[in-house]
Amino acid sequence: MKATTPEHGKSKLKAAAHGETLLSQGQLSDTNVAAWLKQHPQFFHKHPDLLLQLSIPHESGTAISLLERQVAVFRERQSVLHDQIQEFFKNARNNDNLFEKTRAVILELLHCTNLAALQRVITDKLRIDFAASAAALVFVSDLPESVGVTRLPTAAVRTALGNLMQKPGTYCGPLNWAQKSLLFPKQIPTIISAAIVPLQILDSSRIRRDYGFPLLLIGSSEDNQFNSSLDTLFLDFIGEVLTSKLQTIIAAS
């Protein structure tokens, strides 16, 4: 570092006095200084002696050097970035896992040739692969009970689910006692959260006429497994494949 000459010292005093004048006249502000320094990042390379006069406040109340503060800031940002990357990889692994489970369930559904086989895939394969406590395909209808078909009374479903019946997409979230009693009567104490997937079938279809309005139900004993923030992409996809396969089976029966 070059020695400070008398002329250099005078220039610093003159610059300081000029700065005080601008500050008093309202022409110099923190915002202006910050903006100027951002545009001239090499400023302290040309004036390294100024670093010795800077005092950077710390959360502890003590003063630290500019270099120490920069290192601390970079470490904080690196920690945040590391956490974000880890979260990204975690979500990627979860999505990959969900994709494999969805693929396996769909392949099983495509091999079904009758309604009973379709029901078994849902109650066994889908339930186990998605670590659920219960899974079923039910029909909302006032038609009489028949072997191999679970029907729920229309009025009871409308009362228990309310606006959920009007939603075109999958619902994920907690269930109250009335909803659990209706949808999962054999697992009432264990079911906490659930996914309700309405199968989109035309009112004029044979399924609606002979069976009712189909719902895919998946219940869990964990409150976070099917929460309101869950992405329903894979469940919606299963619902679409199930709808297509159900129509094919009923049409051929």
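The values are calculated or read from the model by the stated rules, or taken from the named source; none is laboratory data. Not measured: the values here are computed from a predicted model. Cβ atoms come from the backbone with ideal geometry, glycine included; neighbour counts cover every protein chain shown.
Looking only at segment 227-244, filter to residues that are among the charged types (D, E, K, R) and part of a helix (DSSP H, G or I); which one of those is farthest from the chain's Cα centre (by Cα)?
Among those that are among the charged types (D, E, K, R) and part of a helix (DSSP H, G or I), it is E240.
Within segment 32-43, is there a residue that is in contact with a Phe, Trp or Tyr (Cβ under 7 Å, 6 or more places away or on another chain) and at pLDDT 60 or above?
There is at least one residue in segment 32-43 that is in contact with a Phe, Trp or Tyr (Cβ under 7 Å, 6 or more places away or on another chain) and at pLDDT 60 or above.
Tell me whether segment 97-109 contains one or more residues that are modelled with pLDDT of 85 or more and more than 30 Å from I250 (Cα to Cα).
Yes, some residue in segment 97-109 is modelled with pLDDT of 85 or more and more than 30 Å from I250 (Cα to Cα).
Within segment 170-197, how many residues are free of Cβ contacts under 8 Å to residues at least 24 places away in the same chain and either of a type in the set (A, V, I, L, M, F, W, C) or not assigned by TED's automatic domain parsing to the domain that holds L137 (or both)?
3
Which residue is surrounded by the fewest Cβ atoms within 10 Å (Cβ to Cβ), if the candidates are limited to segment 204-220 and must be touching a helix residue (DSSP H, G or I) at 6+ places or on another chain (Cβ under 9 Å) and under 12 Å from S141 (Cβ atoms)?
It comes out as D210.
Hey, among L175, L161, which residue is surrounded by 14 or more Cβ atoms within 10 Å (Cβ to Cβ) and either out of contact with any Gly (no Cβ under 8 Å at 6 or more places or on another chain) or modelled with pLDDT under 90 (or both)?
L161
If you check A160 against the conditions, is it in a helix (DSSP H, G or I), among the hydrophobic types (A, V, I, L, M, F, W, C) and assigned by TED's automatic domain parsing to the domain that holds L107?
Yes; evaluated as a whole, the condition is true for this residue.
When you scan segment 94-151, how many residues do you find that are over 23 Å from the mean Cα position of the chain (by Cα), part of a loop (DSSP other than H, G, I, E, B) and of a type in the set (G, A, S)?
Residues that pass the stated criteria total 2.
Kindly establish whether V80 is modelled with pLDDT of 65 or more, assigned to a helix (DSSP H, G or I), β-branched (V, I, T) and surrounded by 11 or more Cβ atoms within 10 Å (Cβ to Cβ).
no
Residue by residue through segment 115-135, note down the ones that are among the acidic types (D, E) and either surrounded by fewer than 15 Cβ atoms within 10 Å (Cβ to Cβ) or in contact (Cβ under 8 Å) with a residue 60 or more places away in the chain (or both).
If the condition is that a residue be among the acidic types (D, E) and either surrounded by fewer than 15 Cβ atoms within 10 Å (Cβ to Cβ) or in contact (Cβ under 8 Å) with a residue 60 or more places away in the chain (or both), then D124 is the only one that fits.
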